[in-house]
Each structure stands twice: as C-alpha cells, then as structure tokens.
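Only one structure is covered here, and it is reproduced in the block below.
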Amino acid sequence: MAHAIFVAEARKRSLAVTVYSAGVIDFSDALPLVETSMTCLQHNTPPAKETPTWAGQLPLVSINRFLVMEHDHAGALTSEFGISPDRISLLGTFDPKQRGAEIADPFGQGSLVYERSYRLIRDCIIGYLDTTDELT
C-alpha cells in the first residue's frame, strides 16, 4: 500500500521520483495481496502492479531514502545490505498525529485493519512529503 500511496501522492505534487517497494524477506515469487489492492481501489489509489520485490533486487546504491515500517526492517537494511542508517527513516515518524514510529503489517488481519493501515500510511507519506526537502 505504501508504494501505491507514495506514487499517487507524488503524482499529485508533480514530483519526478522513482519509487521502489521491497521487503527485507524474499517473497518475490508470491502474488500481490488482494486485500492490499482492494483497499487501494476503495480509496481511488491505483494499486501497484508489480509482484512483491525483495530488497536484494533493488539498485540499493542509487536510492537516497529508505522509508521503512518497523525498526527490524531498518536493522535488516543495515546489517544485511550495508545501507547506512542515515539513509533510513521510519515512515511512522512523519505521522502528523504521532501514532507511533512503527507501522504494523496488516497481513491476515481483515479489511478493517487494512483500512486503518491505509489511512495511517497515507498520513505518514503526506507528512513526509510536506516536510522533506530531499525531493526538490
């Protein structure tokens, strides 16, 4: 969802950015989650069309900012992929409502949890875009 929301918000702002989405565990052979796509569509956000990607498949050296959901994700990027901690941010720290630095994965928790997760992620991405100067 974060990928789809970030792309949609960047387009609204006419930002020319490349957005990647990847997990720190390799699920690259899995199908996209129906719940994620359905939640995005309910908010008129085009869902990402790609299948899941693993962080090891990305051009890591060329990525300026890694926005992650959990401390464990940041730790894996640092320890397993050599990403400097100063290039990693917890997306939840940009939440204007300050609901916490970590964002839990809604996987397997039903449509209501996906809905709450969508709103939280959207608020955090808007908060990031409203406060960063990295994209100008």
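Residue check: is ALA4 aliphatic (A, V, I, L, M), over 12 Å from the mean Cα position of the chain (by Cα) and either assigned to a helix (DSSP H, G or I) or surrounded by fewer than 16 Cβ atoms within 10 Å (Cβ to Cβ) (or both)?
The answer is no for ALA4.
Quickly run through region 70-92 and pick out the residues that are under 20 Å from ARG122 (Cα atoms) and open to solvent by 40 Å² or more (accessible area, probe 1.4 Å).
GLU70, HIS71, HIS73, listed by residue number.
Looking at region 22-69 only, could you name the residues that are open to solvent by 60 Å² or more (accessible area, probe 1.4 Å) and among the small types (Gly, Ala, Ser)?
SER62
For region 111-132, give me each residue that is without any contact (Cβ under 8 Å) to a residue 24 or more places away in the chain and of a type in the set (Gly, Ala, Ser).
Matches in region 111-132: none.
Quick check on my filter: what residues within region 74-114 are in contact with a Ser or Thr (Cβ under 8 Å, 6 or more places away or on another chain), among the hydrophobic types (A, V, I, L, M, F, W, C) and farther than 18 Å from VAL24 by Cβ?
If the condition is that a residue be in contact with a Ser or Thr (Cβ under 8 Å, 6 or more places away or on another chain), among the hydrophobic types (A, V, I, L, M, F, W, C) and farther than 18 Å from VAL24 by Cβ, then PHE94 is the only one that fits.
Return the residues of region 23-37 that are in contact (Cβ under 8 Å) with a residue 24 or more places away in the chain and under 21 Å from ARG11 (Cβ atoms); say none if nothing qualifies.
Within region 23-37, THR36 is the sole residue that qualifies.
Go through region 7-22 residue by residue and tally those that are basic (Lys, Arg) and either touching a residue at least 40 places away in the same chain (Cβ under 8 Å) or part of a loop (DSSP other than H, G, I, E, B) (or both).
Summing the residues that are basic (Lys, Arg) and either touching a residue at least 40 places away in the same chain (Cβ under 8 Å) or part of a loop (DSSP other than H, G, I, E, B) (or both) in region 7-22 gives 1.
The values are calculated or read from the model by the stated rules, or taken from the named source; none is laboratory data. Model, not experiment: these values are computed from the prediction. When we count neighbours, we look across all protein chains shown, and the Cβ atoms used for this are built from the backbone with ideal geometry, even at glycine. Each accessible area value is taken on the protein alone, full model and side chains, heavy atoms only, with ligands, DNA and RNA left out. Shrake-Rupley method; radii C 1.70, N 1.55, O 1.52, S 1.80 Å.
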